[in-house]
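Got a structure for you, written out below as structure tokens; questions coming shortly.
The values are calculated or read from the model by the stated rules, or taken from the named source; none is laboratory data. Keep in mind that this is a model prediction, so the values were computed, not measured. Every residue, glycine as well, gets a Cβ built from its backbone with ideal geometry; the counts of neighbours run over all protein chains shown. We work out accessible area using only protein heavy atoms, side chains counted, and drop any ligands, DNA or RNA first. Shrake-Rupley method; radii C 1.70, N 1.55, O 1.52, S 1.80 Å.
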Amino acid sequence: NVRKNLDFEPLSTTALILEDRPANLPAKPAEEAQKHRQQYEEMVVQAKKRELKEAQKRKKQLEERCKLEDSIGNAVLTWNNEILPNWETMCCSRKVRELWWQGIPPSVRGKVWSLAIGNELNITHELYDICLARAKEKWRSRSTVGAEVECEDAGFSTADREASLELIKLDISRTFPNLCIFQQGGPYHDTLHSILGAYTCYRPDVGYVQGMSFIAAVLILNLDTADAFIAFSNLLNKPCQMAFFRVDHGLMLTYFAAFEVFFEENLPKLFAHFKKNNLTPDIYLIDWIFTLYSKSLPLDLACRVWDVFCRDGEEFLFRTALGILKLFEDILTKMDFIHIAQFLTKLPEDLPSEELFSSIAAIQMQSRNKKWAQILAALQKDNREMEKGSPSLKH
């Protein structure tokens with residue numbers, strides 16, 4: 001009867017404390033029964049508090065989601081009605097740059113990326129079709145002809161091409177495996193395979209390099225196939241990407257050296273800790289740069305990094321790296337070489353977007369009144385002079 005009179009019951013098993021003992025056992029003393037009733041009422045009060053707290057939390061999450069959806073909806077209208085029709089005049093304005101920093105709405109992201117990356121290579125949809133047709137022909141000949149035939153583009157043997165094709169096949173299976181859309185049988189498997197194969201025909205001097213599949217996959221998620229190929233080819237033609245994908249060791253080291261200038265400037269304590277542990281930038285930067293963070297960060301966060309990368313260029317890739325290091329500085333300073341390398345190779349999956357971007361915003365890409373491009377150019381000049389045998393200039 002006591003239970004029937006309660007308007008709230010947290011768990012049916014919890015209420016067993018109010019039940020009388022079985023007939024074959026002595027009855028509860030009145031004091032014990034009263035004590036159990038009080039305990040149960042306390043349980044009910046606590047359960048009510050928890051339920052209220054959960055309800056408030058759900059309400060807050062719903063309000064935030066509605067607010068975010070309204071914000072995205074308004075941003076979409078601004079991009080579609082004001083910015084994109086007047087791209088040339090508005091893309092560099094303060095208002096657009098601030099809106100850009102907040103993240104580009106997914107529905108217009110592909111269009112903005114295409115415009116920002118540009119098409120300096122003047123690739124057309126027809127050229128993509130030609131490259132794809134040649135790639136398919138090579139795939140067919142690979143399966144039917146075993147003879148050594150020289151590649152008509154640049155003298156690459158069948159063995160070289162087959163190694164590249166095998167690497168593409170292997171890499172596709174490892175591209176965003178949790179999404180299950182790029183693997184064999186997935187809806188985007190053939191599209192990804194086509195873009196990567198077409199690129200090896202378009203740039204046989206570069207071929208396929210591990211990590212390209214992640215970049216192509218992100219573009220496929222935001223653009224039509226031919227436009228994704230155009231953006232992919234132009235993106236990989238940027239100086240930083242070309243240095244890494246062609247494995248230009250000298251230029252890669254120059255990029256690392258420039259990065260360390262800003263690392264020491266912004267995070268001197270962590271920089272000293274890394275030096276003490278002989279942790280060089282290549283250990284963590286190579287994977288981040290090769291995949292443009294799409295493998296290392298949650299996909300939605302990686303896309304937001306891409307947004308600003310398209311706005312600011314290669315500098316933002318290194319600024320993001322410093323933002324990550326700053327965000328986890330307290331943890332990293334307590335780790336040794338092995339644990340730092342492991343942590344940076346596999347970042348936390350629940351990395352909060354706003355916290356990371358706040359950390360990135362705090363990074364100053366200026367050292368002794370010199371910006372990223374000036375520092376990089378000075379280091380490149382030093383390297384050229386060293387190669388000529390001239391003494392290195394101090395900057």
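Give me the angle, in degrees from 0 to 90, between the Cα long axis of helix 158-173 and the longest principal axis of the Cα atoms of the chain, rounded to the nearest 10.
Compared with the principal axis, the helix lies near 20 degrees.
So, with +1 on the Cβ of K and R and -1 on the Cβ of D and E, and no other charges, what is the size of the charge dipole of the range 242-387 about its Cα centre, to the nearest 20 debye? Each step should come with its number before you reach the end.
Numbers: 16 positive and 21 negative charges, 61 e Å.
That gives the range 242-387 a dipole magnitude of about 300 debye.
Given all pairs of different Cα atoms, what value in angstroms does the Kirkwood hydrodynamic radius of the range 41-102 take?
Working: mean 1/r = 0.0678 Å⁻¹.
Mean inverse Cα-Cα distance, inverted, gives 14.8 Å.
With n ≥ 4 as the cut-off for DSSP H runs, can you work out [θ] at 222 nm for the chain, using -39500 (n - 2.57) per run divided by the number of residues, rounded to the nearest 500?
On the way: 19 runs with 254 residues, N = 395.
Calculated at 222 nm, the ellipticity per residue is -20500 deg cm²/dmol.
Let me ask another. Let me cross-check C66: its accessible surface, 1.4 Å probe, with only protein heavy atoms counted, in Å² to the nearest 10?
Looks like 60 Å² after rounding.
If you count only protein heavy atoms with a 1.4 Å probe, what accessible area per residue comes out for the range 41-102, rounded to a whole Å²? Walk me through the intermediate numbers first.
Numbers: 5030 Å² over 62 residues.
Result: 81 Å² of accessible area for each residue.
Quick one: check the C-alpha center-to-center distance for the range 224-294 versus the range 315-376, whole angstrom.
Going from one Cα centre to the other spans 12 Å.
Please work out how much length the chain gains when fully extended from N81 to A30, using 0.36 nm per residue of separation minus the C-alpha to C-alpha distance, in nm with one decimal. Walk me through the numbers before you get to the answer.
Working: separation 51, 0.36 × 51 = 18.36 nm, distance 7.59 nm.
Gain on stretching N81 to A30: 10.8 nm.
In degrees between 0 and 90, to the nearest 10, how far off the longest principal axis of the chain does helix 106-117 point, with axes built from Cα atoms?
That works out to roughly 20 degrees.
Just to verify a number: what accessible area does W101 come out at with the full protein assembly present, 1.4 Å probe, Å² rounded to tens?
60
In degrees, nearest 10, range 0 to 90: what is the angle between the Cα axis of helix 30-78 and the longest Cα principal axis of the chain?
30
Counting only protein chains, not ligands or nucleic acids, how are T78, T89, T320, T124 ordered by accessible area (probe 1.4 Å), most first? Intermediate results must be reported in sequence, preceding the final value.
Values: T78 25, T89 115, T320 0, T124 65 Å².
Correct descending sequence by accessible area is T89, T124, T78, T320.
Taking a probe of 1.4 Å, how large is the accessible area per residue of the range 242-387, in Å²?
On the way: 6750 Å² over 146 residues.
Dividing the accessible area of the range 242-387 by its residue count gives 46 Å².
Ok, one more. Output the Kirkwood hydrodynamic radius of the range 242-387, Cα pairs only, in Å rounded to one decimal.
On the way: mean 1/r = 0.0637 Å⁻¹.
This gives a value of 15.7 Å.
If T291, T280 are ordered by their accessible area, calculated over protein heavy atoms with a 1.4 Å probe, which sequence runs from highest to lowest? Before the final figure, lay out each step's value.
Details: T291 5, T280 60 Å².
If we order T291, T280 from most to least accessible, we get T280, T291.
I've got another one for you. So, R0 is 30 Å and r is the distance between the beta-carbons of K269 and E54; what FRET efficiency does that work out to, to 0.05?
0.15
Be a star and scan the range 187-218 for residues whose amide nitrogen sits under 12 Å from the point 7 Å along the Cα-to-Cβ vector of R174.
210-214
Let's test the formula: R0 of 25 Å, r as the Cβ-Cβ distance of E349 and Q183. What FRET efficiency results, to the nearest 0.05?
Details: r = 20 Å, r/R0 = 0.79.
That gives a FRET efficiency of 0.80.
What shape does the chain take by its C-alpha gyration tensor, where a ≥ b ≥ c are the square roots of the eigenvalues and a/c under 1.5 counts as rounded, a/b above b/c as prolate, and the rest as oblate?
Since a/c reaches 1.5 and a/b is larger than b/c, the shape of the chain is classed as prolate.
Normalized C-alpha radius of gyration of the range 217-316, against 2.2 N^0.38 Å?
On the way: Rg = 15.1 Å, N = 100, 2.2 N^0.38 = 12.7 Å.
The reported ratio for this selection is 1.19.
Ignoring solvent entirely, what values of log10 I(q)/I(0) come out of the Debye formula for the range 24-130 at 0.15, 0.16, 0.20 Å⁻¹ when each Cα is a single scatterer?
Debye output, listed in q order: -0.83, -0.88, -1.05.
Scanning the chain for GluC sites (Glu not before Pro) in DSSP loops with at most 14 other Cβ atoms within 10 Å, what's the longest stretch left with none?
On the way: sites that count: E19, E120, E148, E150, E152, E349.
Counting at most 14 other Cβ atoms within 10 Å as exposed, the longest clean stretch of the chain is 153-348.
Moving on. Heads up, I need the accessible area for D190: 1.4 angstrom probe, whole protein in place, Å², nearest 10.
D190 exposes around 110 Å² with every protein chain in place.
Continuing with this model, one more query. Give the carbon-plus-sulfur fraction of the accessible surface of the chain in %, rounded to a whole number; probe 1.4 Å, heavy atoms of protein chains only. Display every interim value, and only then the final one.
Working: 11580 of 22180 Å².
The C+S portion of the solvent-accessible surface of the chain is 52 percent.
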